[in-house]
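The values are calculated or read from the model by the stated rules, or taken from the named source; none is laboratory data. Treat the numbers as computed from the prediction; the structure is a model and nothing was measured. Because the Cβ atoms are built from the backbone with ideal geometry, glycine has one as well, and the counts that use them run over all protein chains shown. These accessible areas exclude ligands, DNA and RNA; they are computed on the full protein's heavy atoms, side chains included. Shrake-Rupley method; radii C 1.70, N 1.55, O 1.52, S 1.80 Å.
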Amino acid sequence: MSKQRSSALLGAAFLMAPSAVGPGFLTQTTVFTQQLAAAFGFVILISVLLDIGAQLNMWRILTVTDKRAQDLANELLPGLGYFLAALIVLGGLAFNIGNIAGCGLGVQVLSGMDTTYGALLSGGIALFIFWLKEAGKALDHFARWLGILMVLLTLYVAVSSHPPLGAALQQSIWPSVIDTKTIVTLVGGTVGGYISFAGAHRLLDAGISGPSHVQYVNKSAVSGIMITGIMRTLLFLAALGVVTQGALLDSSNPPAAVFRFAAGETGYRFFGVVMWSAAITSVVGAAYTSVSFLKTFHPFIALNERWFISFFIVFSTLVFILVGQPVKLLIMAGALNGLILPVALAVVLLAATRKRLMNGYRHPVWMQAAGWLVVAVMGWLSGVTIWKWLGF
């Protein structure tokens, strides 16, 4: 395995991981920990298990077939790929508006700058990354180092908040309350929509495909899942420690209040770095992956990929500036993408049962079973959530 491909494998893991632990997750975790306290640990555990079932299947099937999800879907059933692409791009756009909002919140904490100007500045940085000569390599390094920084800073705050570890462990296994809407929203914000495809599509762009690369793909996927699992747990513990001590959190920026209460002004500045890092890597990931669902449909899109990515980022930034309400946007984006996950995963799993598409590769039965379990659970939870939203 060459150094360039090793970098791509690690880059794919970190492209997925910060996207899965983006500003939406930071906000959702704080808000839901306030509501559920230690019982939110159960939601974290369920999200990690569903993450494993979704990610391993997605990455393995797509890289083995050497086809992006939309092309695989079109070969399974003509027109299905266009439908899937539309779902992912719309979900990615909703995510990216929330990601831009997260950038604005992060810059505001660090500098006092208005969220609008922080969003504009961050959008410009994201555009700069994509217009570099070696954008793929820059993307890998950018996601990797910001991901590591996020984990280290959140670890410091989690230790500083002195969370009740015993209660967290007990409630994670046997919760006192189970909230389906919370599970759908969190899973949607961590593996929903474009996120499940981010790493796999990055590997395909790096030329890593075919049955011979399965072990490397698995390693990359597992690395990404481990990073997200660690980050989710640390942030939950940080929020739980603060909530348990009776802190009243600012509703306009709940996660910032957690970091400030746990570690003072230093912690507050740390939050600015974590939120901005999570948000900007998610902006990059959402734009890159969403456009990767379009570029195989027409040569014009493939030739002008950077322009399409740029439009995606600029449009997301403008919508945020016009709409505002960053916290509400971050919660809604997760819920929307949670509804997309069972549809997208079902399409990929169906394709894995067609011999003509799999190049002689047999997808393990246990992985198929795990994938269909995720589809069933998320399909049921999404149905219950929609039912509640409709007021029945």
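Quick one: check the C-alpha center-to-center distance for segment 217-285 versus segment 341-390, whole angstrom.
The two parts, judged by their Cα centres, are 30 Å apart.
How big is the charge dipole of segment 215-319 about its Cα centre, in debye rounded to the nearest 20, if each Lys and Arg gets +1 on its Cβ and each Asp and Glu gets -1 on its Cβ?
Rounded to the nearest 20 debye, it is 200 debye.
Would you mind getting me the FRET efficiency between Leu318 and Val343? Use the beta-carbon distance for r and R0 = 35 Å, nearest 0.05.
Taking R0 as 35 Å, the efficiency between Leu318 and Val343 is 0.80.
Need the full-extension length gain, Gln35 to Leu152, defined as separation in residues times 0.36 nm minus the C-alpha distance. One decimal, nm.
Stretched fully, the Gln35-Leu152 segment lengthens by 39.5 nm.
Say each of Gln170 and Met226 gets a label point 7 Å from the Cα, pointing the same way as Cα to Cβ; how far apart are those two points in nm?
3.1 nm
Evaluate the relative contact order of segment 204-313 (contact order divided by residue number), counting alpha-carbon pairs under 8 angstrom at least 6 apart; express in whole percent.
Answer for segment 204-313 is 13 percent.
For a paramagnetic label modelled at 7 Å from the Cα of Arg356 toward its Cβ, which residues of segment 66-100 fall within the zone defined by backbone nitrogen distances under 12 Å?
Output list for this probe position: 75-78.
Which value, in Å² rounded to 10, gives the accessible area of Val377 with a 1.4 Å probe and all protein chains present?
Ignoring ligands and nucleic acids, Val377 comes out at about 50 Å².
Quick one: the Cα spread of segment 212-271 along its three principal axes, in angstroms, biggest first?
Between the extreme Cα coordinates on each principal axis of segment 212-271 lie 53, 22, 19 Å.
At a 1.4 Å probe radius, which order do Trp307, Trp59 fall into by accessible area, largest first?
I get Trp307, Trp59, largest accessible area first.
Label segment 83-134 by shape, choosing from rounded, prolate and oblate, from the square roots a ≥ b ≥ c of the eigenvalues of the Cα gyration tensor; if a/c is under 1.5 it is rounded, and otherwise prolate applies when a/b is larger than b/c, oblate when it is not.
Numbers: a/c = 3.91, a/b = 1.47, b/c = 2.66.
Taking the square roots of the gyration eigenvalues as a ≥ b ≥ c, segment 83-134 is oblate.
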